[in-house]
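Colleague: Pasting in a structure now, in structure tokens, and then I'll have a few things to ask.
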Amino acid sequence: MNRGAFVALLGICTAFAAAQETNFVHGSVEMPTSTYEPTRPHVRWRQDHNLGSWLNNALLREPGYPWDGPSQLAPPEWMNRDVFGIHATLLPRPMTDVDGSVLPRGTVILWGRGQFFVSNPGPEEKFVNWCSYMLWNPAEHPNPALRERFKYGRVRFRTDPLPNGDKTDRLHQGNLFCSGHTLLEDGRLFVAGGHYPNTSLRAGSTRFEGIKAAYIFDLQGLNWNTDPFGWSGILGDPGVTGYVGMAEPRWYPTCLTLPDGRVLIVGGVIFDSSGYTQTYEVFDPYHGPDGLLTAYSLKSLKDCPDTFSDRMRRLGNFYPRLHTVTYPDLFGNLTGSIVYTGPDVPTHRMDPYKVEEGFDCVRGTHDKRVYRFYGSSVLLPRVDKLNPQNAVEQSLPTVVTLGGSAQATCSTWATAEILEYHHDRLKYYRVPEMDQARQHINAVLLPNSEMFVFGGQKKSNDFNCKYEVSDIALTSLSLTPDPVFGWYRSKWEPRRSMDSQDRDANLTVDGARTYHSSGLLLPDGSVLMTGTNLTSRPIMNNTYPAIYKPPYFYKPDNTLRSANERPRILSINPSEELDYGQIVSMSAALPSADWQIQSVSLMRPGSATHAWDNEQRMIRLKYEAEHLGNGRYSLQVTAPFDPLIAPPGWYMVFLTAYAPDAGGMVVPSVAGWIQVKRQTGDLMTLSIDGAIEGASYEVEVASCEGSAAPRRYTANATAVAGGRAEIALKPTIDEPRFEVRVKALNGLLTGSAEAVRRHASVRLSLRPGSAAEWVLRWNLNDPATDLNRDGKVSDDDLALAMAAFQSSSD
């Protein structure tokens, strides 16, 4: 059967299956449409994607570029065949469009393969290496004149920083295809590594190599008409910073945000044939205007039975699957590790606060696990603690790995496995198999706690394997946890099948999502599916984006829920630069009084490529809700307890509730946004007499001058001994004089106390049933508080003040 006939038959079979699917059970898949081109209503993000976006010829006249010269009225031909969506990140900053209109948080930046041009072939070969990128926002454009046009997105460049450069230069490169990326605390995008096709080393072939460049993209710093179009210069350009980019060229590196806001860069091969990298690096964005890159050897500093070559083959390879997992330590306090979960079988750990010590090994699962080349892995949310009261209840110890192909074979996997991390062991569980084997599988967390899976192919396209169009997976699934046993007895539920049409007659069905595809959760709870670029035969290029709307978008009659038929977040205050454990006020509305709140959760904006997104995480928040009547609620929500659980940065906030009109289906709100800032304040330790271990306390820190709004925190007493417990927090009050108030929250103890201290410990007493308030104000800048007259204000002076204060209170 020829390919065209197969596509037609596939369409018939899929249409029959779709007739059995309903929106309320399976969700829907929609392709964005626009009236901008009436003869071609479905939006394509490859051909004519830039219609109307070019303001003048200057945008295309970078000196030395191949199209520099006569007037260029249209963009370069190569750009019309690039695949936007191989890389995709949800940006948390608002976007100002070319007309000055402001679009909300949630713009998506996408880029594809980029372009390489040999400008001077021969022994003295020179080249130009760059890529274009697209910005698209799912919200309706506020300017009606641009509304339909904007559905095609806006296109600009990451230009070559040194056009006509030398072929040995791996630093001055602008092609970000095959890079790694993650979001920084302030919402900027960090990108490391990229693509350089070396055509001069082997006759008649191309060797793909990595680059040493790293960049930052700032949506708020974007000037639509001026290069570099929102991009920084090279981080580590020796002409600017005095050091030379990354330590090694990296092609397919993984970037992971650390609890202190720095970025860990691991893996990425130097070139495509056994060119493993031997180092990992840390980027510090807080070190001067251009940050600082520091490299460390992959050689183990700990007891580990593997060889250096084994370690490079895993950690110095294509996109190492890394996640930060959290769990209680031997004493019940929160701790965590950065873990390597694939694609290879052995697992590794790294201390997130001691990255210079390198990776250790985890033993005990090698005989159960399988190699998952181009498989996926996801950090799973908690489903047993929907309203966590402390950091341990909020911890995220569980990772699922799924799909992929066996090493150096054409076999692919339908299996999935769950890894549960503990401080002293690793538990392993198998979940049921998927409906078919899948390599290049996308997995996206949804705010209702499900994991949506789409795309992939039954046979590998690597190692000279023979695959057919019929191997492309058009079905989709959701992994749903068991209501009682959680992820360990989870099951696969069928969801809406992908589109089987071939609108542009390129022998690629429009629902195909395989190699070089990506998926992102959008702020309304839908999923953007984009990309696909199979370069081996049969060649496949998917030109159409699609939006998956899960069943919670629909009512039992299969009609869409209106905005008032879903939970709504009306306000969040404050929402920016929150401290860990800080309490924020949220107002919300449910459709009616018989709806019940399920949880308040954070979801980190996705940053996906090559069918994988290691930055996904869903974090349950502690909340207290007061029903004001008619479905209106006032909530006191506590920001994440610890940066191990939620690295600094912007997060989407979802309020989920049980829908009585849908049999208790969990329905999410449209997302709000909050920003959690890295911990930089001085550690304040409160020693409390009369406290009970495990009790929750509210701590309020307020400026004595009234120049800053008070900040409230939720904290838990730990290390109880002799009736004394400790609370540790890092408040952000940049004042020399401030007050601290502590009170019990959960009824285990009543009474309150106030005291002040910034740089050390304060001892307080909570007395059962006491209504007395203690007030002690301390001024670090007042010489009069030097009570022992030793010429400095110190803990000794505070101890004298506390003793005098307690004596006067008795």
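The values are calculated or read from the model by the stated rules, or taken from the named source; none is laboratory data. Computed from a prediction, not measured in an experiment: that's the story for all the values here. Virtual Cβ from ideal backbone geometry, glycine too; neighbours counted across all protein chains shown. When the accessible area is computed, the model is the full protein with side chains, heavy atoms only, and any ligands, DNA or RNA have been set aside. Shrake-Rupley method; radii C 1.70, N 1.55, O 1.52, S 1.80 Å.
Colleague: With respect to the numbered conditions (1) in contact with a Ser or Thr (Cβ under 9 Å, 6 or more places away or on another chain); (2) closer than 21 Å to residue 281 by Cβ; (3) buried (at least 20 other Cβ atoms within 10 Å of the Cβ); (4) modelled with pLDDT under 95, which one is the sole condition not fulfilled by residue 347?
Modeller: Only one criterion is unmet by residue 347, namely (2).
Colleague: Would you check if there is a residue in segment 536-543 being modelled with pLDDT of 90 or more and among the charged types (D, E, K, R)?
Modeller: no
Colleague: Just the residues that are within 30 Å of residue 575 (Cα to Cα) and open to solvent by less than 30 Å² (accessible area, probe 1.4 Å), please, taken from segment 186-202.
Modeller: 187, 189, 190, 191, 192
Colleague: Okay, next question. Let me spell it out: the conditions are (1) without any contact (Cβ under 8 Å) to a residue 60 or more places away in the chain; (2) open to solvent by 10 Å² or more (accessible area, probe 1.4 Å); (3) not assigned by the TED database to the domain that holds residue 465, and residue 561 meets all of them except one. Which number is the exception?
Modeller: (1)
Colleague: Out of the residues in segment 215-226 that are farther than 18 Å from residue 263 by Cα and buried (at least 16 other Cβ atoms within 10 Å of the Cβ), state the one that is modelled with the highest pLDDT.
Modeller: Of everything passing the filter in segment 215-226, 219 is modelled with the highest pLDDT.
Colleague: Condition check: modelled with pLDDT under 95, assigned to a loop (DSSP other than H, G, I, E, B) and under 30 Å from residue 614 (Cα atoms). Does residue 46 satisfy that?
Modeller: yes
Colleague: Filtering segment 441-473 down to residues that are under 25 Å from the mean Cα position of the chain (by Cα) and among the aliphatic types (A, V, I, L, M), which residue is surrounded by the most Cβ atoms within 10 Å (Cβ to Cβ)?
Modeller: Among those that are under 25 Å from the mean Cα position of the chain (by Cα) and among the aliphatic types (A, V, I, L, M), it is 441.
Colleague: Out of curiosity, is residue 402 in contact (Cβ under 8 Å) with a residue 24 or more places away in the chain, touching a Lys or Arg at 6+ places or on another chain (Cβ under 9 Å) and either on the phi > 0 side of the Ramachandran plot or open to solvent by less than 10 Å² (accessible area, probe 1.4 Å) (or both)?
Modeller: yes
Colleague: Here's something else I'd like to know. Which residues, counting only those in segment 593-620, are more than 25 Å from residue 108 (Cβ to Cβ) and in contact (Cβ under 8 Å) with a residue 60 or more places away in the chain?
Modeller: 594, 595, 596, 597, 598, 599, 620 - these are the residues of segment 593-620 that are more than 25 Å from residue 108 (Cβ to Cβ) and in contact (Cβ under 8 Å) with a residue 60 or more places away in the chain.
Colleague: Next up: Restricting to segment 131-171, and then to whatever is of a type in the set (Ser, Thr, Tyr) and within 30 Å of the chain's Cα centre (by Cα), can you tell me which residue is nearest to residue 98 (Cα to Cα)?
Modeller: Looking at the filtered set, the residue picked out is 152.
Colleague: If you don't mind, another one. Here is a list: 438, 425, 430. Which entry is crowded, with 24+ Cβ neighbours inside 10 Å and charged (D, E, K, R)?
Modeller: Going through 438, 425, 430 in turn, just one is crowded, with 24+ Cβ neighbours inside 10 Å and charged (D, E, K, R): 438.
Colleague: Is it the case, given these coordinates, that residue 655 is modelled with pLDDT of 95 or more, in a loop (DSSP other than H, G, I, E, B) and open to solvent by less than 20 Å² (accessible area, probe 1.4 Å)?
Modeller: Considered against the rule, which asks whether it is modelled with pLDDT of 95 or more, in a loop (DSSP other than H, G, I, E, B) and open to solvent by less than 20 Å² (accessible area, probe 1.4 Å), residue 655 comes out as no.
Colleague: From 172, 181, which residue is in contact with a Leu (Cβ under 7 Å, 6 or more places away or on another chain) and open to solvent by 30 Å² or more (accessible area, probe 1.4 Å)?
Modeller: The conditions single out 172.
Colleague: Which of the following residues is touching a residue at least 24 places away in the same chain (Cβ under 8 Å), in contact with a strand residue (DSSP E or B) (Cβ under 7 Å, 6 or more places away or on another chain) and not in a strand (DSSP E or B): 585, 575?
Modeller: 575
Colleague: Just to check your reading of the model, which residue among 331, 373, 359, 308 is in contact with a Gly (Cβ under 8 Å, 6 or more places away or on another chain) and either modelled with pLDDT of 90 or more or assigned by the TED database to the domain that holds residue 209 (or both)?
Modeller: 373
Colleague: Sticking with this one: Please find, among 212, 167, the residue that is among the basic types (Lys, Arg), buried (at least 22 other Cβ atoms within 10 Å of the Cβ) and in the same structural domain as residue 83 (by the TED database).
Modeller: 212
Colleague: Any chance you could count how many residues in segment 116-149 are at pLDDT below 85 and not in a strand (DSSP E or B)?
Modeller: So the count comes out to 5.
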